[in-house]
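This structure is in structure tokens; I'll ask about it shortly.
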Amino acid sequence: MFYKTNDDTLGITVKEFVDEWYEKQDYILVDIRDTEERKSEGTVKQTFNISMYEIPDQIEMAPTHIVCLMLCQDSTKAEQVTKYLKNNGYNNMIYIEGGIDELLKAVPELKG
């Protein structure tokens, strides 16, 4: 399974991401903010971008073979989306607590 995570894991801290995931494991960073928010707040490198509002219509396209780490600005929406996806059988979804703001403080080289 995944290092220090399992199907019940909902979120990981930024410290856990840096210590256990970043440049160590396979994952996809998923930025669920809409286009306007990404423009105004800035982007994160190496992310797949999909607005949280598009996810229900495209849920069948969600990958199941790799962990998806969900991101929004402060992790509030990412937590909601992760719960939604897990409730629909996508147990490989986890959100990063603290969101993009905290992530970029810890890993500034990800700033787009």
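Label points 7 Å out from Cα along the Cβ direction at GLU60 and SER40: separation in nm?
The modelled label-to-label distance comes out at 3.5 nm.
With n ≥ 4 as the cut-off for DSSP H runs, can you work out [θ] at 222 nm for the chain, using -39500 (n - 2.57) per run divided by the number of residues, rounded to the nearest 500? Please report the intermediate quantities before stating the final value.
Working: 4 runs with 31 residues, N = 112.
Value at 222 nm, helices only: -7500 deg cm²/dmol.
What label, among (i) 19.0; (ii) 13.8; (iii) 15.4, belongs to Kirkwood radius over Cα pairs in Å computed from the structure on display?
Structure-derived value, by its label: (ii).
Ok, one more. Looking at the chain as a GNM with Cα springs under 10 Å, which of GLY98, GLY89, GLY11 has the largest mean-square fluctuation?
It is GLY89.
Could you give the nm distance between label points at GLN80 and LEU104, where each point is 7 Å from its Cα heading toward the beta carbon?
Here the modelled spin labels are 2.2 nm apart.
Shape call for the range 50-112 from the C-alpha gyration tensor, a ≥ b ≥ c root eigenvalues: rounded (a/c under 1.5), prolate (a/b greater than b/c) or oblate?
prolate
If you build a Gaussian network model of the chain, linking Cα atoms that sit under 10 Å apart, which residue out of VAL67, VAL30, VAL18 swings the most?
Result for the chain, Cα springs under 10 Å: VAL18 fluctuates most.
Expressed as a rounded percentage, what relative contact order does the range 11-110 have, with Cα pairs under 8 Å and six or more residues apart?
35
What are the residues whose amide H is under 5 Å from the amide H of LYS111, where those residues sit 5 or more places off or on another chain and H is modelled from the backbone?
Excluding prolines and chain starts, which carry no amide H, the hits are LYS45.
All of the numbers you see were taken from the coordinates with simple rules; none came from a lab. Keep in mind it's a predicted model, so treat the numbers as computed, not measured. Backbone-built Cβ (ideal geometry, glycine too); neighbour counts: all protein chains shown.
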